[in-house]
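Worksheet for the structure shown next.
The values are calculated or read from the model by the stated rules, or taken from the named source; none is laboratory data. Remember, predicted model here, so these are calculated numbers, not experimental data. So basically every Cβ, Gly included, is an ideal-geometry build from the backbone, and we count neighbours across all protein chains shown. With ligands, DNA and RNA removed, areas are computed over all heavy atoms of the protein, side chains included. Shrake-Rupley method; radii C 1.70, N 1.55, O 1.52, S 1.80 Å.
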Amino acid sequence: MNAAIRLNQSNLETLPNSAHVPQYDRSEITASIVHVGVGGFHRSHEAYYTDLLLERGGERCWGICGVGLRESDRKIADVLKRQDYLYTMIVKHPDGKVENRVIGSIVDFLLACDDAKGVIDKMADPLTKIVSLTITEGGYNFDPSTGEFDFENPDVEHDLAEPEQPRTVFGFLAAALRKRRSTGAGAFTVQSCDNIQHNGDVTKAMLLAFTRKQDSELAEWIENEVRFPNAMVDRITPVTTPEDIESLEELGWKDEWPVTCEPFCQWVIEDDFADGRPQWESVGAQFVPDVTPYETMKIRLLNAGHSVLGILGALHGHATIDDCIDDSLFETYVRRFMDSEATPVLDPVEGIDLDDYKDSLIERFGNPNIKDKLSRICLESSSKLPKFLIPTIRENLASGGSIEYGSLVLAAWCYYSDKGRDRHGVQLEITDEMKTELHEAAAGSSENPLAFLRVREVFGDLSENTAFTQTYGSMVEAIYDDPDIARHMQAVLFGRD
Ligand code: CS2
């Protein structure tokens with residue numbers, strides 16, 4: 001076999017034809033979009049839609065400049081730079097078909113921890129029209145039980161003290177917008193692409209809370225001028241594996257960090273932009289006046305469905321989401337959770353049949369080629385569950401609906417956080433900013449089954465709701481008595497024997 005060709009601009013023409021390469025002149029593309037958080041999801045979603053658009057002949061200004069805020073972004077910064085910001089998107093179909101597309105829409109990258117000024121200047125450049133974000137659910141820096149901005153975060157304290165050397169996304173947005181206001185450059189749009197209900201509204205509320213502490217006039221200007229469209233984003237994007245890299249090498253090219261994803265892709269956006277936007281609707285995105293029902297549906301069914309399978313499956317010893325769906329107990333459980341707890345508290349979504357939507361989720365979860373690891377799904381559960389699952393439990397408590405399916409997941413999460421092992425005693429890979437705190441709270445459960453609920457940042461006042469604590473408390477006791485989670489899932493589904 002010939003040595004694999006390195007992926008970069010000058011080698012594009014010589015890549016094997018099993019790769020689709022950008023059919024446009026990338027040297028003409030300028031970056032009016034600055035994107036913070038260039039992880040797998042951005043690369044399989046917004047950057048992909050934008051690549052399709054550029055290929056369709058969309059305006060040349062809509063390229064993307066990636067931004068990484070932290071030291072941990074150095075690897076992607078270096079890899080993309082070496083590859084002239086090109087990377088391969090590997091789409092894995094359920095029937096085994098694979099499509100490889102080299103994406104060309106990212107044309108620059110800045111690492112903020114090396115060059116804060118460069119990032120502020122780029123965002124403040126009048127040619128920048130959109131600053132989009134995938135900063136994860138936890139990145140919005142609010143306390144889920146109060147919804148308030150967390151001023152105790154040391155990086156926020158730092159940003160308030162050093163406005164020109166920020167570390168957080170809010171510090172950068174405020175610094176750039178301050179500069180635009182003073183130079184008369186006008187506002188840009190801040191476009192959240194994270195799985196948070198009302199993600200635009202939340203971004204706005206957080207940025208305003210932060211900026212008011214710094215400069216109330218600037219906050220007022222932001223409130224009036226900047227736009228924050230809400231959006232629903234969707235594409236399952238597992239962590240890239242060494243095998244993915246090898247699969248491309250076997251085909252003849254070397255990409256140090258491709259991204260893999262499922263074929264399904266959806267983006268529903270409110271049409272509310274400060275200074276123009278790409279015509280993403282011509283490549284499949286939907287613009288709607290109000291995205292709320294789509295967002296809620298997706299977060300409460302897809303993301304919560306993932307978390308249900310993730311936590312229960314991890315304790316059981318499953319490794320991936322498709323392993324769970326292959327196990328009829330898990331498939332039935334997640335579907336019943338969706339039908340009897342998530343759906344009753346959802347508003348109808350115009351043009352969408354929820355039963356079809358749920359069928360399609362089960363099919364997507366079952367894609368055997370995606371191999372979406374439960375360790376990715378359970379990553380940062382402390383910021384996911386308060387957004388994906390707990391609101392459904394709360395709303396069912398208020399309406400007198402069922403809470404058993406969701407409560408078992410929280411009880412299982414307590415055991416998972418305490419023991420850190422699955423039922424075979426195998427150590428679980430747990431990555432969570434609150435890991436220690438969760439572990440310490442959960443460790444008190446043998447004496448007090450409600451001990452875990454004292455983590456108020458996650459559970460809020462759930463510990464004061466008797467209907468919840470009765471159900472949850474008895475589930476914790478049952479799991480500590482017998483950690484075989486499948487038995488407890490059966491009990492929820494079919495009643496205790
Ligand atoms: C997952 C999401 O992070 C998670 O727990 O549910 O990453 C999910 O795969 C995407 O939101 C799909 O659009």
**OP:** Sort out which residues of region 248-257 are surrounded by fewer than 22 Cβ atoms within 10 Å (Cβ to Cβ) and in contact with a helix residue (DSSP H, G or I) (Cβ under 6 Å, 6 or more places away or on another chain), and write them in order of number.
**Re:** 256, 257
Original post:
Pairs under 8 Å by beta carbon, first residue assigned to a loop (DSSP other than H, G, I, E, B) and among the hydroxyl-bearing types (Ser, Thr, Tyr) in region 223-237, partner open to solvent by 10 Å² or more (accessible area, probe 1.4 Å) and within 12 Å of the ligand (Cβ to nearest atom), six or more apart or different chains?
Top reply: 237/40; 237/41
Original post:
Within region 337-346, is there a residue that is part of a helix (DSSP H, G or I) and within 13 Å of the ligand (Cβ to nearest atom)?
Top reply: no
Subject >> Lone unmet requirement of (1) more than 16 Å from the ligand (Cβ to nearest atom); (2) surrounded by fewer than 24 Cβ atoms within 10 Å (Cβ to Cβ) for residue 417 >> reply: (2)
Subject >> Contacts under 6 angstrom Cβ, first residue in region 95-124 being over 18 Å from residue 185 (Cβ atoms), partner open to solvent by 60 Å² or more (accessible area, probe 1.4 Å) and assigned to a helix (DSSP H, G or I), 6 or more apart >> reply: 113/71
Original post:
Residues in region 295-302: is at least one surrounded by fewer than 20 Cβ atoms within 10 Å (Cβ to Cβ) and either closer than 27 Å to residue 172 by Cβ or more than 13 Å from the ligand (Cβ to nearest atom) (or both)?
Top reply: no
**OP:** Could you tell me which numbered condition residue 152 fails, if it satisfies all but one of (1) assigned to a loop (DSSP other than H, G, I, E, B); (2) closer than 29 Å to residue 433 by Cβ; (3) in contact with a helix residue (DSSP H, G or I) (Cβ under 9 Å, 6 or more places away or on another chain); (4) not β-branched (Val, Ile, Thr)?
**Re:** (3)
Original post:
Of the residues 168, 189, 183, which is away from the ligand (no atom under 16 Å from the Cβ), out of contact with any helix residue (DSSP H, G or I) (no Cβ under 8 Å at 6 or more places or on another chain) and modelled with pLDDT of 95 or more?
Top reply: 189
Original post:
Would you pick out the residues in region 382-394 that are in a helix (DSSP H, G or I), more than 8 Å from the ligand (Cβ to nearest atom) and buried (at least 24 other Cβ atoms within 10 Å of the Cβ)?
Top reply: 385, 392, 393
Subject >> Entirely in region 1-107, the strands (runs of 3 or more DSSP E) that have 2 or more residues that are within 19 Å of the chain's Cα centre (by Cα) and buried (at least 16 other Cβ atoms within 10 Å of the Cβ) >> reply: 33-36, 64-68, 87-92
Subject >> Only one of 317, 284, 313 that is within 16 Å of the ligand (Cβ to nearest atom) and in the same structural domain as residue 392 (by TED's automatic domain parsing) >> reply: 313
Original post:
Scanning region 229-245 for residues that are hydrophobic (A, V, I, L, M, F, W, C) and open to solvent by 30 Å² or more (accessible area, probe 1.4 Å), which turns out farthest from the ligand (Cβ to nearest atom)?
Top reply: 245
**OP:** Evaluate region 359-367: report whether one residue or more is in a helix (DSSP H, G or I), more than 16 Å from the ligand (Cβ to nearest atom) and open to solvent by 20 Å² or more (accessible area, probe 1.4 Å).
**Re:** yes
**OP:** Looking only at region 328-335, decide whether some residue is away from the ligand (no atom under 16 Å from the Cβ), without any contact (Cβ under 8 Å) to a residue 12 or more places away in the chain and either farther than 29 Å from residue 189 by Cα or not assigned by TED's automatic domain parsing to the domain that holds residue 52 (or both).
**Re:** yes
Original post:
Just to be sure, is residue 263 open to solvent by less than 10 Å² (accessible area, probe 1.4 Å) and part of a loop (DSSP other than H, G, I, E, B)?
Top reply: no
Original post:
All but one of (1) in contact with a Gly (Cβ under 9 Å, 6 or more places away or on another chain); (2) away from the ligand (no atom under 16 Å from the Cβ) hold for residue 97; which doesn't?
Top reply: (1)
**OP:** Sort out for me the helices (runs of 4 or more DSSP H) sitting completely within region 292-335 that have 2 or more residues that are among the charged types (D, E, K, R).
**Re:** 321-326
**OP:** Can you run down the residue pairs with Cβ atoms below 7 Å, 6 or more apart or on separate chains, where the first is in region 478-497 and within 24 Å of residue 450 (Cβ to Cβ) and the partner is charged (D, E, K, R) and outside any helix (DSSP H, G or I)?
**Re:** 483/423; 484/423; 485/423
